[in-house]
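Everything on this sheet refers to the single structure shown next.
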Amino acid sequence: MIEVTGLEMGYAMEEESVTVLSRVHLSIAAGDRVALVGPSGSGKTTLLLLLAGLEQPLGGTIELDGVALASLDADALADLRSAAVGIIFQSFHLVPSLTAVGNVALPLEIAGADHARERARDMLGRVGLAHRGRHFPMQLSGGEQQRVAIARALVHRPRLVLADEPTGNLDGRTGERIIELLFGLADDHATTLVLATHDHHIARRCSRVLHVAGGRLTEGTPHALPD
């Protein structure tokens, strides 16, 4: 599903440049469930953005399903994300003028899918928000907005889900429900799941754990993570 070779990424900050990722190599098979762990600022979010084609690396290559992201223009990248990738951001990126149902249905409607609103309402029900479908983002709490964003990422049954701290704004019970939904999707549809998390309880549910620190990736084992 994912092949990364020699990935390099950094940013210019005032008079110095900061290296975020250096010579990163990564291979993720279809159906893998991978946790990215590491301190804040270590590059977990940057790696997810690169895998989604939302940022461009300074060097190296990224392939999704055998397609080199560098070979695609902006429209083709958007089409790839629409067809195959679900993205759960820390910031929700909801459209303020659309209701919860409208936000969840948006990727389906853009793709011309049938029964977009019906499928959106069903997914809202699965994240516990069936009663909030007609509400706009400003009328929802932060946790509810996060659940709408998660529903939008999952509604088209993507082959790859990239999640950045998907339970960071949720209470414990709701967070557990969302994690069950994410892993249930992975199990039912052979979905590849890559998530950045500080929660070792979540990371231990993954088949692989990758530690991100000092610009490098190192592979660990889920059972070795501390409580």
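The values are calculated or read from the model by the stated rules, or taken from the named source; none is laboratory data. Values in this document were obtained by computation on a predicted structure and should not be read as measured data. Glycine gets a Cβ as well: all are built from the backbone with ideal geometry, and neighbour counts include every protein chain shown. For the accessible areas, the whole protein counts, side chains as well, though only heavy atoms, and no ligand, DNA or RNA atoms are used. Shrake-Rupley method; radii C 1.70, N 1.55, O 1.52, S 1.80 Å.
Just to be sure I understand the filter: pairs with C-beta atoms under 6 Å, separated by 6 or more residues or on different chains, first member in segment 177-206 and within 15 Å of Ala30 (Cβ to Cβ), second member outside any helix (DSSP H, G or I) and open to solvent by 80 Å² or more (accessible area, probe 1.4 Å). Which pairs pass?
Between residues of segment 177-206 that are within 15 Å of Ala30 (Cβ to Cβ) and residues that are outside any helix (DSSP H, G or I) and open to solvent by 80 Å² or more (accessible area, probe 1.4 Å), the close pairs are His189/Arg157.
In segment 54-66, what residues are on the phi > 0 side of the Ramachandran plot and open to solvent by less than 60 Å² (accessible area, probe 1.4 Å)?
Matches in segment 54-66: Gly60 only.
Can you tell me which residue is surrounded by the most Cβ atoms within 10 Å (Cβ to Cβ) among those in segment 15-45 that are closer than 13 Å to Arg216 by Cβ and among the hydroxyl-bearing types (Ser, Thr, Tyr)?
Among those residues, the one meeting the criterion is Ser42.
Considering only residues that are without any contact (Cβ under 8 Å) to a residue 60 or more places away in the chain and among the acidic types (Asp, Glu), look in segment 9-49 and name the one that is farthest from Glu180 (Cα to Cα).
Of everything passing the filter in segment 9-49, Glu15 is farthest from Glu180 (Cα to Cα).
Among residues belonging to segment 67-92 that are assigned to a loop (DSSP other than H, G, I, E, B) and modelled with pLDDT of 90 or more, point out the one that is least open to solvent (accessible area, probe 1.4 Å).
Residue satisfying both the conditions and the ranking: Leu72.
Sort out which residues of segment 117-157 are within 22 Å of Ala52 (Cβ to Cβ) and either touching a His at 6+ places or on another chain (Cβ under 6 Å) or among the small types (Gly, Ala, Ser) (or both), and write them in order of number.
Matches in segment 117-157: Ala120, Ala149, Ala151, Ala153, Arg157.
If we scan segment 170-191, do we find a residue that is assigned to a strand (DSSP E or B), in contact with a helix residue (DSSP H, G or I) (Cβ under 8 Å, 6 or more places away or on another chain), surrounded by 13 or more Cβ atoms within 10 Å (Cβ to Cβ) and of a type outside the set (S, T, N, Q)?
no
Which one is most open to solvent (accessible area, probe 1.4 Å) among residues in segment 202-227 that are assigned to a helix (DSSP H, G or I) and farther than 22 Å from Gly41 by Cβ?
Selected residue: His223.
Hey, among the residues in segment 101-111 that are modelled with pLDDT of 95 or more and over 19 Å from the mean Cα position of the chain (by Cα), which one's surrounded by the most Cβ atoms within 10 Å (Cβ to Cβ)?
Val101
Table: residues versus (1) surrounded by fewer than 24 Cβ atoms within 10 Å (Cβ to Cβ); (2) under 18 Å from Ser91 (Cα atoms).
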| residue | (1), (2) |
| --- | --- |
| Ala130 | yes, no |
| His135 | yes, no |
| Gly143 | yes, yes |
| Ile150 | no, yes |
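Kindly evaluate Asp114 against the criterion of being out of contact with any Ser or Thr (no Cβ under 7 Å at 6 or more places or on another chain), open to solvent by 20 Å² or more (accessible area, probe 1.4 Å), free of Cβ contacts under 8 Å to residues at least 24 places away in the same chain and part of a helix (DSSP H, G or I).
no
Quick one: would you say Val161 is more than 30 Å from Ala113 (Cβ to Cβ) and either modelled with pLDDT of 85 or more or not in a strand (DSSP E or B) (or both)?
no
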